Amino acid sequence: MSSDLVMMGWSRRALLSSALAALATPGLGHALGAPSQIDVAELMLSGGTLSRPGAWQRVLFEVIQSTSIEANPRAVQLSPEDPELFEHPFCVLIGNGALPELSDAAAAQIHRYLSYGGFLLIDDATATPGGEFEQSVRRLCARLFPTRPLSPLPNQHSIFRSFFLLDVPYGRTASQDFLEGITVGPITPLVYCGNDLSGALDRGPDGMDRYPVVPSGEWQRREALKLAINLVLYSLTSNYKHDQAHVVELMREGRLE
C-alpha cells in the first residue's frame with residue numbers, strides 16, 4: 001500500500017472519530033480525553049497569514065456554553081504540511097496579505113484534508129474586497145479544486161441555520177453580505193469570509209476586545225460570534241454526515257482514487 005493511501009485512510013478515520021466524539025452526549029468527550037474534543041487549528045504560511053488564538057478560544061467557550069459539544073478552547077498553529085492537521089477537524093487561515101504559493105506537498109495535504117472531512121475557514125483580516133489577499137485566495141482555491149469555483153453561498157445555506165438563524169455574515173466589518181465557498185456534492189468544506197470574522201472576536205490578554213466593529217458596534221460583534229458558532233456546528237454536523245457522498249463525488253471527477 002502506498003504512503004498516500006495509508007495517509008488517506010488514517011486521516012479519514014482520525015477526522016471521523018474526532019467529529020463523532022465531539023458530537024457525543026455531555027461528559028463522553030471528557031471521558032475519552034482531550035483528543036476527542038474539538039479545537040481550532042490555524043494554518044500558518046511563510047507570509048500573508050496571522051494568528052488570533054483569542055478569537056477561537058472565545059468561540060469554543062461559547063460552543064461549550066451553548067451546546068452539548070465537548071470542546072477544548074484552544075488554537076494550535078500548524079504549517080499545511082504538518083500531518084497533525086488531520087487531528088483537527090476545524091481549521092482556519094487568517095490572511096493579512098498576499099499568500100505565498102504553496103508547495104505541491106502542502107497543496108496536496110490541504111486537498112486531502114478537505115476531501116476526507118476536514119473544514120477550512122479562510123478569513124480576510126484586511127476586509128478589502130478584491131485586495132491582494134482575496135486574489136491569492138482565489139488562486140489557491142482554483143489550485144485545490146480546479147472544477148469547483150469559489151462562489152457566493154445562498155442565504156438559505158445550512159451554515160446560516162446550523163444553530164442560530166442568520167441572514168448576514170457579519171465580522172469586524174459588514175462590507176460583504178454573503179459568504180463564499182467551495183461546494184462538493186452536498187457539503188461545503190471550504191468557506192471564505194471577507195468581513196474579518198476573527199477580528200470581531202479577538203481579545204487581548206486582558207480579556208478586552210482588540211478591534212472596534214463597524215458600522216453596528218456590539219450588536220454586530222454578537223452576530224459575528226453567532227456566525228462563528230454556526231461554522232463550528234456546520235463543520236461537525238454537515239461535513240461528517242455527508243462524508244461518503246462527498247468522497248464519491250470527488251472520485252467521479254477523478255480527483256481521488
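What follows draws every value from the coordinates through simple rules; no lab data is involved. Everything numeric here is computed off the predicted structure, so don't read it as measured data. Here Cβ is always computed from backbone atoms with ideal geometry, including for glycine, and neighbour counts include all displayed protein chains.
Computed over the Cα atoms of the stretch 31-96, the ratio of the radius of gyration to the Kirkwood radius (Rg/Rh) comes to 0.99.
With the simple spin-label model, which puts each label point 7 Å out from Cα in the Cβ direction, the T126 to S158 separation comes to 3.3 nm. Each label was represented as a point 7 Å from its Cα along the Cα-to-Cβ direction; for D104 and R74 these points are 3.6 nm apart. Between L165 and Q135, the contour length at 0.36 nm per residue exceeds the alpha carbon distance by 7.8 nm. Residues whose amide H comes within less than 5 Å of that of L93, counting only those at least five positions distant or on another chain, are L43, L121, I122, D123 (H built at 1.01 Å from N in the peptide plane).
Remark: the A142-N96 segment gains 14.6 nm on full extension, using 0.36 nm per residue and subtracting the alpha carbon distance.
Distance between the 7 Å Cα→Cβ label points at S216 and F61: 2.4 nm.
Summing charges over all other residues whose Cβ lies under 14 Å from the Cβ of G130, with Lys and Arg as +1 and Asp and Glu as -1, gives -2. If the label point is 7 Å along Cα→Cβ of S175, which residues in the stretch 107-136 have backbone nitrogen under 13 Å from it? So the set is 124-135. Based on Cα contacts under 8 Å between residues 6+ apart, the stretch 87-213 shows a relative contact order of 27 percent.
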